[in-house]
Amino acid sequence: MVTLVWLSNREGDSIVMVILTVVRGLVFATFVWCAFVALGSWAVRTRQINPFSWIGQTIRKLTDPTLKPVEQWLLKRGSNPQNAGWWVLGIGTIGGIIVVSLTNWVLVQAVRMASAGASGPRGVIRLVVASAGRLIIIALMVRVIGSWFGKGRFTKWMRPAYVLTDWIVGPLRKIVPPFGMFDISPLVAYFLLEWVVLPLLMNAI
């Protein structure tokens, strides 16, 4: 998680920490619920708890509204609907991590923009360069992860990642040899941007 090193105002610190605490609390509550749904449905399905007892019936009444949509989604994909509980837990966990990380990122960007505005044109330029660099680095990560799942430039949601990164990956591909069956030029581009290009630009501005 990104450290909130850009916060310099105590009042801003307090507001950010309150927001993050609330979001983390909601995410934790969601995780606990998802864990209850997963374990409860597993216990009833495997008859660790009698499905016809009042406990089993109560668990089913509580968990069905969460499980049913996931079961239907799994059926449409040809997957086993009995795994719906574990899918709920996985989605809740990963979704919670994404929500907390995204909230933290948005707050950091808000503080950065406020700080950049107070620092004059140089601060604004540094913010633009840093944000553009981050965006390209994220696009490189999406491109690499997408390639692991066989998703290339002709996949609709992958096109932006290729548009943003072809200018650096293309030339590197001519220089960097493949590692066996794997094209490592996007990874080389990632480290080049992260460790060389962005630090040099930020120091030069």
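The values are calculated or read from the model by the stated rules, or taken from the named source; none is laboratory data. Just so we're clear, the structure is a prediction, and the values are computed from it rather than from any experiment. Here the Cβ positions follow ideal geometry from the backbone for every residue, glycine too, while neighbour counts run over all protein chains shown. Please note that ligands, DNA and RNA were not included when accessible areas were found on the heavy atoms of the full protein model with its side chains. Shrake-Rupley method; radii C 1.70, N 1.55, O 1.52, S 1.80 Å.
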Net length gained if the chain between Arg134 and Leu172 were fully extended (0.36 nm per residue, minus Cα distance)
11.8 nm
If you fit an axis through the alpha-carbon atoms of helix 159-175 and take the longest principal axis of the Cα set of the chain, what angle between them do you get, 0 to 90°, nearest 10?
60 degrees
Stretched out fully, how many nm does the piece from Thr93 to Phe52 gain, at 0.36 nm a residue minus the Cα gap?
11.8 nm
Any chance you could run the full-extension gain for Trp73 through Ala35? It's 0.36 nm times the residue separation minus the Cα-Cα distance, nm to one decimal.
11.7 nm
Note to self: C-alpha centroids of the range 155-205 and the range 99-146 sit apart, in Å, by 18 Å
Counting only protein heavy atoms with a 1.4 Å probe and every protein chain in place, the carbon and sulfur fraction of the accessible surface of the range 56-205 in whole percent equals 71 percent
Gaussian network model of the chain, Cα springs within a sub-10 Å range: biggest mean-square fluctuation belongs to which of Val99, Val176, Val128?
Val176
Using only Cα atoms, tell me the angle between helix 84-119 and the longest principal axis of the chain; keep it within 0 to 90° and round to the nearest 10.
30 degrees
Accessible solvent surface per residue of the chain, calculated while the other protein chains remain in place, 1.4 angstrom probe, Å²
67 Å²
Expressed in nanometres to one decimal, the distance between label points 7 Å along Cα→Cβ at Lys156 and Val196 is 3.8 nm
